[in-house]
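**Student:** Handing you this structure, nothing more for now.
Nothing in this text is a laboratory measurement; each read-out follows from the coordinates by a stated rule. This one's a predicted model, so the numbers in the text were calculated from it and none came from an experiment. All Cβ positions, even for glycine, are placed from backbone atoms using ideal geometry, and neighbour counts span all protein chains on display.
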Amino acid sequence: GILNIITKRDKKVGLNGSVSLGAGTRDKYNGSLNLNMKNNKWNVFLNSSFRLNRRYNRTTNERVNEGTYGYFKSEEESIREFNGFFNSIGAEYTFNDRNTLMLTQNINKMEWGGNGFSNYNVYVSPEIIDSTQRRSSYNVGGPISTSTALNYKHKFAKPKQELTADATFAKTWVDRTQEYETYILNGDGSQRRSTIYQKAPGSGTNSSLNLQADFTTPFLTKNGKLDAGYKSQLLWFESTNNATIDSGNGTQVDYTLLNNYNYTQQTHAGYLNYSDQVGKWSYQGGLRLEYSYYEGTALNLMGKTYTNEFLNLFPSAFLSYKIAESQSIFLSYTRRINRPHFMQLMPYVDLSNPQDTSMGNPDLEPEFINNVELNYSKNFKGGHNFIASAYYQYTENMIERYRRFYSDGTTFTQPQNLNKGITYGMELIGKTQILPIWDATLSFNFFQNE
């Protein structure tokens, strides 16, 4: 995945720092060190932290198929570890009151892993087991990632007019190992077939380049403001999984787990936004033009290539009216995009749960979300307030997990694009200040999904 590390900078002159340590139940520990040194021109900072996190999981699933009898039960226990070591160092240089440049470098190392076992029973009647599949699993691995960010800010002589520019390059290297040992037993406990041994060592890289520039300035009127900007995001992803299987006839390539997938994505967008206030009215309107291109190649599927390309406009509009000093009404419309992440796109079969296998879908298209909201707010004396909202949301190409059921009780899940989704409703929120040190919030949300 993409690690978004938020760095902390102290504005106080001199050398400042802090140290923290934490501990939680069931093997959870964390700590951090933050140092900051500042003078009139330079601000240098260092952040370093670690996390050790172990999680325990126990799950039981039971299902009965209607029509023809079929009863299935699975039990799973596992221990998972999520450990990490995160470091960032940066320096900010102030040329003068109007120009600032900052460089930040992150280096992070994470480790994921764990082990577990599962039992999957198939019954021919409520009391008689037809077969049992027992599986033990072991996996370990994790990423090493680096990112370099350069940020520039320029304040013009005109008040409230400024330009910012940002460039970030990040790269992640991942190595992992997965091992499975599976026994198939008859109802009486005797072994039905030879033990199956599966290994899936894998590796991958994930690189991204983000370029962004934003400009804001007062415009036309006293309260008018114009914002404009451009952003490009380039992503390169490679994943390789060299899986093998031994079911009693020697080690062979496991084509059900074999994976070699390359994926690229580029997104370019420009936007304009204007806002103003006239008397009791405030309004804002914006438009973003965005071009996106996706391409994925599954080398183990005869080099099949999946592509998608989109050019879209995303308008937004906001209007508000101040009824009285303590009352306002708001009306808004926005169009947004929700892109599938690369794990949803990868044509890689996940067999970690034999009862419910799953796979990504490289043909997924993004969701396009149109949202309209009408809000009313009122503030009362003593810190009390009330908000009422009515909303309507129309989603094109809605992404949902689509599950298929098979006669042997197993299921297969894959994300799919639905035709559309509609959600509408009303939300009521009330806050009351009971005492100066005690407040309470009550909310109701009535909605309908189609």
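**Student:** Taking 0.36 nm per residue of separation and subtracting the Cα-Cα distance, what length does fully extending Thr146 through Phe85 add?
**Tutor:** Between Thr146 and Phe85, full extension yields an extra 20.8 nm.
**Student:** Within 10 Å of each candidate Cβ there may be at most 16 other Cβ atoms; applying that plus a DSSP loop requirement, which GluC sites (Glu not before Pro) in the stretch 117-184 survive?
**Tutor:** Counting only loop positions with at most 16 other Cβ atoms within 10 Å, the GluC sites (Glu not before Pro) in the stretch 117-184 are Glu127.
**Student:** In Å, the Kirkwood hydrodynamic radius of the stretch 356-404 over pairs of distinct alpha carbons?
**Tutor:** 14.9 Å
**Student:** Quick check: convex hull over the Cα atoms of the chain, volume per residue in Å³, rounded to an integer?
**Tutor:** For the chain, the hull spanned by Cα atoms encloses 213 Å³ per residue.
**Student:** Modelling each spin label as a point 7 Å along the Cα-to-Cβ direction, I'd like the Glu162/Phe412 distance in nm, to one decimal.
**Tutor:** 5.4 nm
**Student:** Here's another thing I want to ask about it. Out of the trypsin sites (Lys or Arg not before Pro) in the stretch 163-264, which ones are loop residues according to DSSP with at most 10 other C-beta atoms within 10 Å?
**Tutor:** Lys222
**Student:** Whose amide H sits under 5 Å from the amide H of Phe156, counting only residues 5 or more places off or on another chain, with H placed in the peptide plane?
**Tutor:** Amide H to amide H, under 5 Å and 5 or more residues apart or across chains, Phe156 pairs with Gln161, Glu162, Leu163.
**Student:** Let me ask another. Need one number: nm distance between label points at Asp97 and Asp27, each 7 Å from Cα along Cα→Cβ, rounded to one decimal.
**Tutor:** A separation of 5.8 nm, rounded to one decimal place.
**Student:** Further, regarding this structure: May I ask you to derive the FRET efficiency for Gln266 and Thr441 from their Cβ-Cβ distance with R0 = 30 Å, giving the value to the nearest 0.05?
**Tutor:** 0.10
**Student:** Would you mind checking which residues have amide H under 5 Å from Tyr348's amide H? H placed 1.01 Å from N; only 5 or more apart, or other chain.
**Tutor:** For Tyr348, the qualifying residues are Gly360.
**Student:** Just the number, please: Stokes-Einstein D of the stretch 322-450 in µm²/s, Kirkwood Rh from C-alpha pairs, 25 °C, 0.890 mPa s.
**Tutor:** 134 µm²/s
**Student:** With the crude spin-label approximation of a point 7 Å out along Cα→Cβ, what separation in nm comes out for Asp356 versus Asn186?
**Tutor:** 3.2 nm
**Student:** So, one more: Starting from the stretch 6-108, pick out the GluC sites (Glu not before Pro) whose DSSP state is loop and whose Cβ has at most 10 other Cβ atoms within 10 Å.
**Tutor:** Those satisfying the criteria are Glu66.
**Student:** Also, quick follow-up: If R0 is 56 Å, what FRET efficiency do you get for Leu287 and Ser136 from their C-beta distance, rounded to 0.05?
**Tutor:** Taking R0 as 56 Å, the efficiency between Leu287 and Ser136 is 0.50.
**Student:** Just for the Cα atoms in the stretch 1-159, what are the lengths along the principal axes, largest first, rounded to whole Å?
**Tutor:** 81, 36, 23
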